[in-house]
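K.L.:
Right, I'll just put the structure down here and ask away after.
The values are calculated or read from the model by the stated rules, or taken from the named source; none is laboratory data. Worth saying up front: this structure is predicted, and the values here are computed from it rather than measured. Every residue, glycine among them, receives a Cβ derived from its backbone with ideal geometry; neighbour counts consider all protein chains shown.
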Amino acid sequence: MQEEILVTGANGFVGQALCETAARRGFCVKGAVRAACNLPTVVEPATVGAVDAETDWGAALRNVGIVIHLAARVHVMSDTAADPLTEFLKVNLHGTANLARQAAQAGVKRLVYVSSIKVNGEETRDGQKFSEAGPPAPQDFYAVSKWKAEQALQRIAQETGLEVVVVRPPLVYGPGVKGNFAQMLNVVARRIPLPFASVRNSRSLIYVGNLVDALIACATYPAAAGQTYLVCDGEDISTPDLLRQLAAGTGVSSCLLPCPPALLRLAGKLTGKSQQLERLLGSLQIDSDKICRELGWRPPYTLADGLRTVATTNHETSHLLNKK
């Protein structure tokens, strides 16, 4: 039996997959959640309440050697909070720093922090890729809170000796994914015409199975201590090709119509949907060479494998729901 891992946000999309994979690999897994909920039977639950500067992590950290911190206030397109930045900082900065300090006091050796590629920026241009060497350029409150948390963790690491590893993933997809990706799957499955045939962009994604594998590598490889890694599937894809592959995996033909991207951007401005549209029109490419070079990590699943799995799973789930 290997040492014990605490996974925060254990009941989330990535957290559940991480807990199950780590348990299969022989780790003793403890899952921290805000409120009591159903977790895989292989996971020891630890209810910690709200994640902020006052959270008591004492019981959850007992006998833990590694923490993988997923819990966060996530990015949302329409935030209703009166002061969004304060709310993001409360969880993502102060909650993270509080966890790290208590982890160091409890004798935890390493904390892996799941940040976001949004720390690097919102898009790449002219074939350039984001890398760890590039300057941070967070552009919204969520990204700012993640960047501030990374900085706080580096200070805590210097003060306490806690080993910190930062991982910045792009959009994560896989079975059970929610949000914009799930909406895209549903639109594709219903064969709703989409005006993206003329789009010529390139985006990096990461399949949940690849992210989980990378996080376990970052938690266990000695060379990862103190490092920041950008991770992705290693293959980029355009929006029209993404839609075509999802359609094929769902068992339908894609329904894409040509429309100049400039006209789509104008429509986005007129409807207040510029941010959503830019994620479909713009490019965001990642250079993940550093983690491959330093840790010998390779994504165990190809982009095609991941897209096929998520599309097939979504199709089967929708079919079962429609039969009820």
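K.L.:
What are the pairs with Cβ atoms under 8 angstrom where one residue, in region 158-169, is closer than 28 Å to ILE206 by Cα and the other, located anywhere, is charged (D, E, K, R) and not in a loop (DSSP other than H, G, I, E, B)? Sequence gap at least six, or different chains.
P.N.:
LEU162/ARG110; GLU163/ARG110; VAL164/ARG110; VAL165/ARG110; VAL166/GLU150
K.L.:
Here's something else I'd like to know. Answer yes if at least one residue in region 272-280 is more than 26 Å from GLN154 (Cα to Cα), among the hydrophobic types (A, V, I, L, M, F, W, C) and over 22 Å from the mean Cα position of the chain (by Cα), and no otherwise.
P.N.:
Taking region 272-280 first, the residues more than 26 Å from GLN154 (Cα to Cα) are 272-280.
When the remaining residues are screened for being among the hydrophobic types (A, V, I, L, M, F, W, C), the result is 277, 280.
Applying the additional criterion that residues be over 22 Å from the mean Cα position of the chain (by Cα) yields none.
No, that holds for no residue.
K.L.:
Suppose we filter ALA182, ALA97, ALA149 for residues that are on the phi < 0 side of the Ramachandran plot, modelled with pLDDT under 95, in a helix (DSSP H, G or I) and out of contact with any Asp or Glu (no Cβ under 9 Å at 6 or more places or on another chain); which single one remains?
P.N.:
ALA182
K.L.:
Then there is this: Identify, please: which residue in region 113-127 is surrounded by 21 or more Cβ atoms within 10 Å (Cβ to Cβ) and not in a helix (DSSP H, G or I) and is, among those, farthest from the chain's Cα centre (by Cα)?
P.N.:
Only one residue fits best here, namely THR124.
K.L.:
Scan region 116-132 for residues that are in contact (Cβ under 8 Å) with a residue 60 or more places away in the chain and over 22 Å from GLN276 (Cβ atoms) and report the count.
P.N.:
5
K.L.:
Among the numbered criteria (1) touching a Ser or Thr at 6+ places or on another chain (Cβ under 7 Å); (2) under 25 Å from GLY134 (Cα atoms), which single criterion is violated by VAL48?
P.N.:
(2)
K.L.:
I need the full set of residues from region 85-143 which are in contact with a strand residue (DSSP E or B) (Cβ under 9 Å, 6 or more places away or on another chain) and basic (Lys, Arg), in order please.
P.N.:
Passing the criteria: LYS109, ARG110, LYS118, ARG125, LYS129.
K.L.:
Could you list, in sequence order, all residues of region 71-112 that are surrounded by fewer than 20 Cβ atoms within 10 Å (Cβ to Cβ), within 21 Å of ARG168 (Cβ to Cβ), touching a helix residue (DSSP H, G or I) at 6+ places or on another chain (Cβ under 6 Å) and among the aliphatic types (A, V, I, L, M)?
P.N.:
Scanning region 71-112 gives LEU85, ALA97.
K.L.:
Can you report the number of residues in region 218-258 which are farther than 15 Å from LEU284 by Cβ, hydroxyl-bearing (Ser, Thr, Tyr) and at pLDDT 95 or above?
P.N.:
So the answer is 4.
K.L.:
Criterion first (closer than 24 Å to SER131 by Cβ, over 13 Å from the mean Cα position of the chain (by Cα) and surrounded by 16 or more Cβ atoms within 10 Å (Cβ to Cβ)) does THR250 satisfy it?
P.N.:
Here the answer is no, as THR250 does not meet what is asked.
K.L.:
Looking at region 1-91, what strands (runs of 3 or more DSSP E) fall wholly within it and have at least 2 residues that are hydrophobic (A, V, I, L, M, F, W, C) and closer than 29 Å to PHE141 by Cα?
P.N.:
So the answer is 4-8, 28-33, 66-69.
K.L.:
So GLN16 passes all but one of these: (1) within 23 Å of GLY209 (Cβ to Cβ); (2) among the polar types (S, T, N, Q); (3) over 19 Å from the mean Cα position of the chain (by Cα). Which condition number does it fail?
P.N.:
Only one criterion in (1) within 23 Å of GLY209 (Cβ to Cβ); (2) among the polar types (S, T, N, Q); (3) over 19 Å from the mean Cα position of the chain (by Cα) is unmet by GLN16, namely (3).
K.L.:
Then there's this: Quick one: would you say GLY26 is out of contact with any Ser or Thr (no Cβ under 6 Å at 6 or more places or on another chain) and within 29 Å of THR86 (Cα to Cα)?
P.N.:
no
K.L.:
If you don't mind, there's one more thing I want to ask. So, in region 39-57, of the ones that are touching a residue at least 12 places away in the same chain (Cβ under 8 Å) and of a type in the set (Ser, Thr, Tyr), which residue ends up surrounded by the fewest Cβ atoms within 10 Å (Cβ to Cβ)?
P.N.:
By that ranking, first place goes to THR47.
K.L.:
Hey, could you check region 152-176 for residues that are under 18 Å from the mean Cα position of the chain (by Cα) and either part of a helix (DSSP H, G or I) or of a type in the set (A, V, I, L, M) (or both) and say which is surrounded by the fewest Cβ atoms within 10 Å (Cβ to Cβ)?
P.N.:
The residue in question is LEU171.
K.L.:
Another question, if that's okay. Return only the number of the condition from (1) crowded, with 17+ Cβ neighbours inside 10 Å; (2) over 19 Å from the mean Cα position of the chain (by Cα) that LYS148 does not satisfy.
P.N.:
The one condition LYS148 does not meet is (2).
K.L.:
Related question: In region 194-209, is there at least one residue being part of a helix (DSSP H, G or I) and small (Gly, Ala, Ser)?
P.N.:
Scanning region 194-209, I find at least one residue that is part of a helix (DSSP H, G or I) and small (Gly, Ala, Ser), so the answer is yes.
K.L.:
Report yes if some residue within region 82-91 is touching a residue at least 60 places away in the same chain (Cβ under 8 Å) and under 27 Å from ALA224 (Cβ atoms); otherwise report no.
P.N.:
The answer is no; no qualifying residue exists.
K.L.:
Could you tell me whether region 21-28 includes any residue that is without any contact (Cβ under 8 Å) to a residue 60 or more places away in the chain and in contact with a Leu (Cβ under 6 Å, 6 or more places away or on another chain)?
P.N.:
Scanning region 21-28, I find no residue that is without any contact (Cβ under 8 Å) to a residue 60 or more places away in the chain and in contact with a Leu (Cβ under 6 Å, 6 or more places away or on another chain), so the answer is no.
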